[in-house]
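Visitor: Please see the structure below; I have some questions.
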Amino acid sequence: YNLCVIAGWGMTQLKAEALGLKGDIVVAKGEINYLRPLRGRLVATAYAPAPEILEKAQHHHTGLGKSVFHIEVSVPDENGKTCVKFSGKYAVLAAQT
């Protein structure tokens, strides 16, 4: 769970920086599903939101001082079968002045 949360946080950080969004990142919600045992190396992959979702997040950050990112993370086994699926909701909160 922790690795998935951190991978999602990292993706949020990368996308926020790319969009020029400044502020604190918080984890608003996380849901995990364990689908099968993992007997090999533990590697989590976070997936970037679609460009239109990023544009919406940038617009909300400018207008509301907050943007929300829904990040999907998966952990596959050595054969590429998904063992873990994680869905996280992250918010970038603009610094209060």
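Visitor: Sum up the charges of everything whose Cβ sits under 13 Å from the Cβ of residue 30, counting Lys and Arg as +1 and Asp and Glu as -1, but leave residue 30 out.
Guide: Charge balance near residue 30 sits at +1.
Visitor: Compute the long axis of helix 2-19 from its Cα atoms, compare it with the longest principal axis of the Cα atoms of the chain, and write down the angle in degrees, 0 to 90, nearest 10.
Guide: 40
Visitor: Please report the net charge: other residues with Cβ closer than 12 Å to the Cβ of residue 86, K and R +1, D and E -1.
Guide: It works out to a net charge of +1.
Visitor: Turning to a different aspect of this structure: Taking the Cα-to-Cβ direction at residue 72 and at residue 93 and moving 7 Å from each Cα, how far apart do the two end points lie in nm?
Guide: Placing both labels 7 Å along Cα→Cβ, they lie 2.9 nm apart.
Visitor: Moving on. Report the dimensions of the chain along its three principal axes from the alpha-carbon atoms, largest first, rounded to Å.
Guide: Ordered largest first, the chain gives principal extents of 48, 22, 17 Å.
Visitor: Which of 24, 77 comes first, and how do the rest follow, when ranked by fewest Cβ neighbours within 10 Å?
Guide: 24, 77
Visitor: Counting pairs on different chains as well as pairs 8 or more places apart, how many Lys pairs in the chain have Cα atoms under 15 Å apart?
Guide: The number of close lysine pairs in the chain is 9.
Any read-out appearing in this document is the output of simple, stated calculations on the displayed coordinates, not a laboratory observation. Keep in mind the model is a prediction, meaning the values are calculated, not measured. Counting neighbours? That spans all protein chains shown, and the Cβs are built from the backbone with ideal geometry, glycine included.
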